[in-house]
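Only one structure is covered here, and it is reproduced in the block below.
Just so it is clear, none of the values below were taken in a lab; they were calculated from the coordinates. None of the values given here were measured: they were computed from a predicted structure. Positions of Cβ are backbone-derived with ideal geometry, glycine not excepted, and every protein chain shown enters the neighbour counts.
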Amino acid sequence: MYKFTILLAVIITSHVFASCDKKLSAYETGSMCVEIKEGDNWLHDYPLFLGIKKKNPPQIAIWIEDTNGMYVSTVYVSRKAATGGWIGADGNNRKEALPCWCHSRGIRNNDGSFCPTKDHPVTDAMTGATPRKGFDTYYVNKKDMSHYYVMVEVNHSTDFNDTYTKDADVNSPYYSGGEDGSGQPALIYKAEIDMASGKGTFTASFIGHSSPDGSDGKVHTDMNGISSALNIVKQINIRLK
Amino acid sequence: MKRTNALLLCCTLCLCAMAQRHTSERLHYQAGIGVSIPLPESQDNAKHLFAKVMYYLRPRLSAGLGTGISKYETELLPLYATLRWDMTTPHRFTPFVEGSIGYSYALTSSASGGSCMGLSLGASYRCRGSDEIFITIGYEHQHYSQQRSFDSSVIRARYVEEDGYNAMRIAVGYQF
């Protein structure tokens, strides 16, 4: 009888809690949704130790620029990039991870770089762990801008291939931070949001890659050596909700 | 409301356990505290307050149900089943292996719970009659999601972060 009593108490209470545990939504009326659909290489093998590998999601930054290409605000940036929380990077602050976003944001640290660090993390944007599959991020543009760009930069750590090798010389155009660096550089996607167009969905286009070694914030269009990184993201849509 | 429910659940389990304590030497009640030290890529330490009802199926094998309050970045109420196997016949010091699996419910509206599991090694010390103090150390996984947001004069941004929390958990408790 007592076993039954305990079981009943547990079942009833768990049902009460189950009914309370709701599905979260970040949706807000009138907000724009940046919908990132994962590609086949969304998860990438990151070496830990003794040959053990871990499937890591990419680092991502989403930000807004005006029609003159001037930075307006960050919508979302991965926590590691936002806090300099690189693990196993041997002190490398991974300036090659999201250089286009770092330079566009334009906040210089004490060390002269534009990358957030543990001592100078991002405090002016939403940060969080990159999900292990595609995800939606919502934003409300409080400036009521009707014409602007949504930029997305995506990068994997140690995403080496035959061109972007881990032992590339520092002076090589394919140097990407060494053994703990990027390998293939960050890729950049851009969507033009024109609210006057009457469209409800805007698809981001792939426009190039970032500086492999993170030394500048330019968009490079030479696609030599970029291979598997092209399949990190399948599609990026910005929808008016 | 959820906190009240949590309290009610704890009280129910405790009362059931204690009320039946005298009718069966097989039934035991545990209470304790724990701390989780995050593995790389998980955030912040987590703290736990737990209570369990354990039933000895065999002299060295017991199964039970547990609950409590866990404080991650958000507060969760776990509800789990647990299985403990004593590696030796009961002595003053008895090493054991314990595994648990269950689900945690969020106690705040900006979070949602998820599955939880743990596997640990422990040792108990019989201190008075069949009462014992125990310590465990092991691996813990907790999944939950929470709403992240940022608000400035330019933008208001939101997204739902799915968090897989992995940690080394150390706990101490008392069984009576």
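What number of residues within segment B:57-67 satisfy the criterion of being surrounded by fewer than 18 Cβ atoms within 10 Å (Cβ to Cβ) and within 14 Å of chain A (Cβ to nearest Cβ)?
Summing the residues that are surrounded by fewer than 18 Cβ atoms within 10 Å (Cβ to Cβ) and within 14 Å of chain A (Cβ to nearest Cβ) in segment B:57-67 gives 2.
Only one of these conditions is not met by residue A:214: (1) within 21 Å of residue A:106 (Cβ to Cβ); (2) assigned to a strand (DSSP E or B); (3) out of contact with any Phe, Trp or Tyr (no Cβ under 7 Å at 6 or more places or on another chain). Which number is it?
It fails just one condition, (2).
For segment A:44-71, name all the residues that are of a type in the set (A, V, I, L, M) and crowded, with 18+ Cβ neighbours inside 10 Å. Reasoning before the result, please.
So the first thing to find is which residues in segment A:44-71 are of a type in the set (A, V, I, L, M), and the list is A:48, A:50, A:52, A:60-62, A:64, A:70.
Scanning segment A:44-71 gives A:60, A:61, A:62, A:64.
Quick one: in segment B:99-157, of everything that is more than 14 Å from chain A (Cβ to nearest Cβ) and among the charged types (D, E, K, R), which residue is surrounded by the fewest Cβ atoms within 10 Å (Cβ to Cβ)?
Among those residues, the one meeting the criterion is B:128.
Filter segment B:68-78 down to the residues that are within 18 Å of residue B:166 (Cα to Cα) and buried (at least 21 other Cβ atoms within 10 Å of the Cβ), then identify the one that is nearest to the other protein chains (Cβ to nearest Cβ).
Initial filter on segment B:68-78 (within 18 Å of residue B:166 (Cα to Cα)): B:69-78.
Retained after the next criterion (residues that are buried (at least 21 other Cβ atoms within 10 Å of the Cβ)): B:70, B:72, B:76-78.
Numbers: B:70: 14, B:72: 13, B:76: 10, B:77: 7, B:78: 10 Å.
Among those residues, the one meeting the criterion is B:77.
For segment A:127-208, please list each of the strands (runs of 3 or more DSSP E) lying entirely inside it that holds at least 1 residues being within 14 Å of another protein chain (Cβ to nearest Cβ). Show your work before the answer.
Numbers: elements: A:135-141, A:147-155, A:187-194, A:201-203.
Passing ranges, in order: A:135-141, A:147-155, A:187-194.
I need every pair where a residue in segment B:29-57 that is within 17 Å of residue A:129 (Cα to Cα) has its Cβ under 7 Å from the Cβ of a residue that is part of a loop (DSSP other than H, G, I, E, B), sequence separation at least 6 or different chains.
B:38/B:44; B:38/B:45; B:40/A:87; B:41/A:87; B:43/B:73; B:44/B:73
When you scan segment A:43-54, how many residues do you find that are farther than 29 Å from residue A:217 by Cβ and either of a type in the set (D, E, K, R) or touching a helix residue (DSSP H, G or I) at 6+ places or on another chain (Cβ under 6 Å) (or both)? Steps first, please.
If we filter segment A:43-54 for residues that are farther than 29 Å from residue A:217 by Cβ, which is where we start, we get A:48-54.
Now restrict to residues that are either of a type in the set (D, E, K, R) or touching a helix residue (DSSP H, G or I) at 6+ places or on another chain (Cβ under 6 Å) (or both): A:53-54.
Going through segment A:43-54 one residue at a time, the tally reaches 2.
For residue A:178, are the conditions met, namely being on the phi > 0 side of the Ramachandran plot and touching a residue at least 24 places away in the same chain (Cβ under 8 Å)? Can you show your working first?
Numbers: on the phi > 0 side of the Ramachandran plot: yes; touching a residue at least 24 places away in the same chain (Cβ under 8 Å): yes.
The answer is yes for residue A:178.
Restricting the search to segment A:75-104, which residues are touching a Gly at 6+ places or on another chain (Cβ under 9 Å) and within 27 Å of residue B:147 (Cβ to Cβ)?
Selection gives A:76, A:77, A:78, A:79, A:82, A:97, A:98, A:101, A:102, A:104.
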